[in-house]
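Structure, as structure tokens:
The values are calculated or read from the model by the stated rules, or taken from the named source; none is laboratory data. On a predicted model such as this, the values are computed, not experimentally measured, just so you know. Counting neighbours? That spans all protein chains shown, and the Cβs are built from the backbone with ideal geometry, glycine included.
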Amino acid sequence: MSILHPFSKSSVDKTGQNGSRKPAKNKANQDTPILEALHIRKEFPLGGLKLFGPRRGVKAVEDVSLALRPGRSLAVVGESGSGKTTIARLLAQLYPVSSGSIRFRGAAVRGTRGRKARAYRRHVQLIFQDPFSSLNPMHTIRYHLSRPLRIHGHARSAAQVERQVKALLERVNLVPAEQYIDKFPHQLSGGQRQRVAIARALAAQPEVLLADEPVSMLDVSIRLDILNLLLRLKEEDRLALLYITHDIASARYFADETLVMYAGQVVEGGPSEEVIQQPKHPYTQLLLLSAPAPEQAEEQHRADSPLLATRGDPPSLIDPPKGCRFHPRCPYAMPICREQVPPRTDLGAGHWTHCFLYGETTRLGDLKPARPTKVASEE
Amino acid sequence: MTNDAVLEVKHLSVDYGSAAGAVHAVDDVSFTLRRGQIFGLAGESGSGKSTLAYAIARLLRPPAVVTKGEVWFYPRSDEASDGKAASTAPVNVLGLTPQGLRAFRWRRLSIVFQSAMNALNPVLDINTQITDVLRAHEPGMSRKARQERALELLRLVGIAPDRLHSYPHELSGGMRQRAIIAIALALNPDLIIMDEPTTALDVVVQREILAEISALRDRLGFSVIFITHDLSLLLEISDQIAIMYAGRLVETAKQRALYHQPRHPYTYGLLHSFPKLHGPRQNMTGIPGSPPDLRAVPAGCAFNPRCNYAFGACQHVQPRLMTLCPAEPEQQVACHLYDPKMGPPDLPEALSGQDALIGNAAPAPQKESAHEHSSSLF
């Protein structure tokens, strides 16, 4: 199997030193977003009869904006329940947003069913987490791949379908294609199934690929193969990629930009390297401290952080805390954090965060001792 | 940490099914677990790591059969507190009678299962589930003493005592996992087998549970067999690590040796399969191909079809675990590349030097650079 270099030239530029970052950024500015989410919210109504008082709901996603650009990948990182999968499904129009809008090539997208939705899905495809349940066990690989080809009108005659199905299998490295085409999903390994799922998404010839934890169900040794495959496809087709994950290290490997979510809110975002090497929001710092990092196992610096002393769990999304949803667990929380949702603060180089510790008006001298030491020493 | 063994597994083999169609899930595995040690067992799905653990705990059910091997357990001698000084003679685990097994399990060896969500009984509160163990294994204990022990156990694992009467659904995932660890600790066993104890948890909670396990180990002195597919986790928590592939141990080493100088190509591949959070961002390849189907394991070394360094002998002769260098007696590897008798080609650069890992930096500068990154974090 050929191993491809996963980094595009542009992303290598970006990961370089400050000097080389600027041209890459200009290039990114030229690329207009193909798919945009503007201040989207999603609230799932709760079942049960309640005659009086307001209807309750699970506030799964709260005021999230993001943009996907051709040939670029964006990672959304968060724990379970942070709303990251909901974002992927909202973007795929599996269910409608509660408020806010989703724009494809600048035009608002509406409706989750019917002809318009089908046209939308020609451009935007979703890859699910679990390759064991996202393929129909009753059908062969040929069926799985020929359906989208016919539905989206990319192939009409049987010969065309056959040729394109084989080409798709080859693109995802399932070669020789003849060996796989008549198999059923249960005859394939997890990695091979996920390749079929990716091929099925590609069959629609989309411009945007939404990958919802595409490797978390796979064995460790084959995860990189699948990630490298997605990176190669991104380069070949100039796909805009959304990568949903709980593994922040893989976001660093995979994505140009990273958003960190907590309890339905985006807390921090920017170029992956910036966010992961210079995390600003206390939650991002906690996440990074918690992630297994054997390269640091021999050092004791972890124990020093006040963040690790904070126990607790993400809040209930039915009745989330007021203000910043992280404040009950945050060792640096201030009174204002309990009252208001922190606005976005730009930190330069495309890096931003929603945290009062970095706000213009709330950044007070007397707060410094409570803040992460490195942050304080930087200023 | 003392150096005496708590568990010795000798040439253990487990088959699923029998005769011709048998699947060799565990094949000739031997290792020694020392007292107070955390022994990490890593492998991909289907590598036989859970089967091995269940064989040690005698939990296998047909069609699984132990076809070969011995498991010896060496009890701790500090039983005076119970009044009945149990014998400290070695226990042949595979030969235990049902009565012997009942006395052995939980007091000597307990298990934390993979899914915390399902291991607890949803219709009983935590208190009932802890005291149930005590009632079954310590018939002489008074009701009040059981209650006190239950509270003590909860405090030990960091659950507030007022949660004693909570039901599993009222606890978060991390608390449930703590409760299960509390139950496993109820009789103060010598050995706890933990089968993917943190797989279903978020990273932040996972970190808390790992810290808890380490702290409890330091305090109570039990040994742990920690099973996971996540090698990066094992590198942080284990003292000794064994890597399994297709039912066999391919490498076993102390945590540091394994990380800094992996010998087996599979270990090397695994270490390069998870992206790093720190250090230079680099191209990574993973391991080509997929894990073998145990019904049709390749002849010779099972890893040879995926191995970049395979040569003639790998396809015919099954390699055995052997010690490579006298300075690192704990590091054993099953690979023909290190066996001059097999006539291997020159050792590939990746596996030969101290600089096997992380950006090809020598250990000293590498540590420095890691430090640089950590200081830039905070």
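Tell me, yes or no, whether the stretch A:86-109 has at least one residue that is under 17 Å from A:Ala201 (Cα atoms) and among the charged types (D, E, K, R).
Yes.
Output yes when any residue across the stretch A:235-244 is within 18 Å of the chain's Cα centre (by Cα), surrounded by fewer than 22 Cβ atoms within 10 Å (Cβ to Cβ) and at positive phi, and no when none is.
For the stretch A:235-244, residues within 18 Å of the chain's Cα centre (by Cα), surrounded by fewer than 22 Cβ atoms within 10 Å (Cβ to Cβ) and at positive phi: present.
How do the helices (runs of 4 or more DSSP H) wholly within the stretch A:164-265 filter down when requiring 1 or more residues that are more than 21 Å from A:Gln125 (Cβ to Cβ): which remain?
Filter on the stretch A:164-265 gives A:177-181, A:220-237, A:248-254.
Pairs please, first residue from the stretch B:158-176 and away from chain A (no Cβ under 14 Å), second anywhere and in a helix (DSSP H, G or I) and at pLDDT below 85, Cβ atoms under 8 Å, 6+ apart in sequence or on different chains.
Filtered contacts from the stretch B:158-176: B:Pro168/B:Met117.
Counting just the residues of the stretch B:128-149 that are of a type in the set (Asp, Glu) and at pLDDT 90 or above, which one comes out farthest from B:Tyr167 (Cα to Cα)?
First, the residues of the stretch B:128-149 that are of a type in the set (Asp, Glu): B:132, B:138, B:148.
Imposing the further condition that a residue be at pLDDT 90 or above reduces the set to B:132, B:148.
On the way: B:Asp132: 15, B:Glu148: 19 Å.
Across the stretch B:128-149, the extreme among qualifying residues is B:Glu148.
Looking at the stretch A:348-366, which of the residues that are within 15 Å of A:Gly323 (Cα to Cα) and part of a loop (DSSP other than H, G, I, E, B) is modelled with the lowest pLDDT? First the steps, then the outcome.
In the first step, residues of the stretch A:348-366 are kept if they are within 15 Å of A:Gly323 (Cα to Cα); the result is A:353-357, A:359, A:362.
Right, trim to part of a loop (DSSP other than H, G, I, E, B) and you get A:354-355, A:359, A:362.
Working: A:His354: 93, A:Cys355: 91, A:Gly359: 78, A:Thr362: 59.
By that ranking, first place goes to A:Thr362.
May I ask you to verify whether A:Ser146 is within 28 Å of A:Ile244 (Cα to Cα), hydroxyl-bearing (Ser, Thr, Tyr) and at pLDDT below 90? Talk me through it step by step, then tell me what you get.
Details: within 28 Å of A:Ile244 (Cα to Cα): yes; hydroxyl-bearing (Ser, Thr, Tyr): yes; at pLDDT below 90: no.
So A:Ser146 does not fit the description; no.
Within the stretch A:266-281, which residues are buried (at least 24 other Cβ atoms within 10 Å of the Cβ), part of a helix (DSSP H, G or I) and either aromatic (Phe, Trp, Tyr) or within 11 Å of another protein chain (Cβ to nearest Cβ) (or both)?
A:Ser272, A:Ile276
Can you name the residue in the stretch B:254-275 that is within 7 Å of chain A (Cβ to nearest Cβ) and surrounded by fewer than 23 Cβ atoms within 10 Å (Cβ to Cβ) and is also nearest to A:Asp219 (Cα to Cα) among such residues? Please lay out each step first, then the result.
Of the residues in the stretch B:254-275, the ones within 7 Å of chain A (Cβ to nearest Cβ) are B:259, B:269-270, B:273-275.
In the following step, the residues that additionally are surrounded by fewer than 23 Cβ atoms within 10 Å (Cβ to Cβ) were identified as B:269, B:273, B:275.
Numbers: B:Gly269: 13, B:Ser273: 10, B:Pro275: 14 Å.
Looking at residues that are within 7 Å of chain A (Cβ to nearest Cβ) and surrounded by fewer than 23 Cβ atoms within 10 Å (Cβ to Cβ), I get B:Ser273.
Check whether at least one residue in the stretch A:111-125 is among the basic types (Lys, Arg), more than 20 Å from A:Gln194 (Cα to Cα), touching a strand residue (DSSP E or B) at 6+ places or on another chain (Cβ under 9 Å) and surrounded by 13 or more Cβ atoms within 10 Å (Cβ to Cβ), and report yes or no.
no
Any residue in the stretch B:47-57 that is of a type in the set (D, E, K, R) and in a loop (DSSP other than H, G, I, E, B)? Before you say what the answer is, go through the steps one by one.
The first filter runs over the stretch B:47-57 and keeps only residues of a type in the set (D, E, K, R), leaving B:49.
Among the residues that remain, those that are also in a loop (DSSP other than H, G, I, E, B) are: none.
No, the stretch B:47-57 has no match at all.
Pick from B:Ala200, B:Ala211: which is assigned to a loop (DSSP other than H, G, I, E, B) and closer than 25 Å to A:Pro315 by Cα? Break it down into steps so the answer makes sense when it comes.
Details: B:Ala211 fails: assigned to a loop (DSSP other than H, G, I, E, B).
Of the residues listed, the single one that is assigned to a loop (DSSP other than H, G, I, E, B) and closer than 25 Å to A:Pro315 by Cα is B:Ala200.
Does B:Thr198 qualify as being more than 9 Å from chain A (Cβ to nearest Cβ), surrounded by 24 or more Cβ atoms within 10 Å (Cβ to Cβ) and touching a residue at least 12 places away in the same chain (Cβ under 8 Å)? Show your work before the answer.
Values: more than 9 Å from chain A (Cβ to nearest Cβ): yes; surrounded by 24 or more Cβ atoms within 10 Å (Cβ to Cβ): yes; touching a residue at least 12 places away in the same chain (Cβ under 8 Å): yes.
Criteria met by B:Thr198.
Of the conditions (1) at pLDDT below 85; (2) more than 12 Å from every other protein chain (Cβ to nearest Cβ), B:Gln315 satisfies every one except a single condition; which number is it?
All conditions are met except number (1).
Do we find that B:Gly279 is touching a His at 6+ places or on another chain (Cβ under 7 Å), of a type outside the set (Ser, Thr, Tyr), closer than 29 Å to B:Asp239 by Cα and assigned to a loop (DSSP other than H, G, I, E, B) in this structure? Walk me through how you get there before you give the answer.
Working: touching a His at 6+ places or on another chain (Cβ under 7 Å): yes; of a type outside the set (Ser, Thr, Tyr): yes; closer than 29 Å to B:Asp239 by Cα: yes; assigned to a loop (DSSP other than H, G, I, E, B): yes.
Spelling it out, B:Gly279 is indeed touching a His at 6+ places or on another chain (Cβ under 7 Å), of a type outside the set (Ser, Thr, Tyr), closer than 29 Å to B:Asp239 by Cα and assigned to a loop (DSSP other than H, G, I, E, B).
Quick one: in the stretch B:177-195, which of the residues that are part of a loop (DSSP other than H, G, I, E, B) and of a type in the set (A, V, I, L, M, F, W, C) is farthest from the other protein chains (Cβ to nearest Cβ)?
First, pick out the residues of the stretch B:177-195 that are part of a loop (DSSP other than H, G, I, E, B): B:185-190.
Now narrow it down to the ones that are of a type in the set (A, V, I, L, M, F, W, C): B:185-187.
Details: B:Leu185: 20, B:Ala186: 23, B:Leu187: 27 Å.
So the residue we want is B:Leu187.
Run down B:Ile287, B:Ile241 and say which single residue is within 14 Å of chain A (Cβ to nearest Cβ), crowded, with 24+ Cβ neighbours inside 10 Å, more than 21 Å from the chain's Cα centre (by Cα) and under 24 Å from B:Glu196 (Cβ atoms). Quick ask: steps written out before the conclusion?
Details: B:Ile241 fails: more than 21 Å from the chain's Cα centre (by Cα).
Checking each option against the conditions leaves just B:Ile287.
Each row is one residue, and each column tells you yes or no for (1) hydrophobic (A, V, I, L, M, F, W, C); (2) in contact with a helix residue (DSSP H, G or I) (Cβ under 8 Å, 6 or more places away or on another chain); (3) assigned to a loop (DSSP other than H, G, I, E, B); (4) on the phi > 0 side of the Ramachandran plot.
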{"site": "B:Gln99", "(1), (2), (3), (4)": "no, no, no, no"}
{"site": "B:Arg102", "(1), (2), (3), (4)": "no, no, no, no"}
{"site": "B:Ser110", "(1), (2), (3), (4)": "no, yes, no, no"}
{"site": "B:Asn118", "(1), (2), (3), (4)": "no, no, no, no"}
{"site": "B:Val123", "(1), (2), (3), (4)": "yes, no, yes, no"}
{"site": "B:Ile130", "(1), (2), (3), (4)": "yes, yes, no, no"}
{"site": "B:Ala136", "(1), (2), (3), (4)": "yes, no, no, no"}
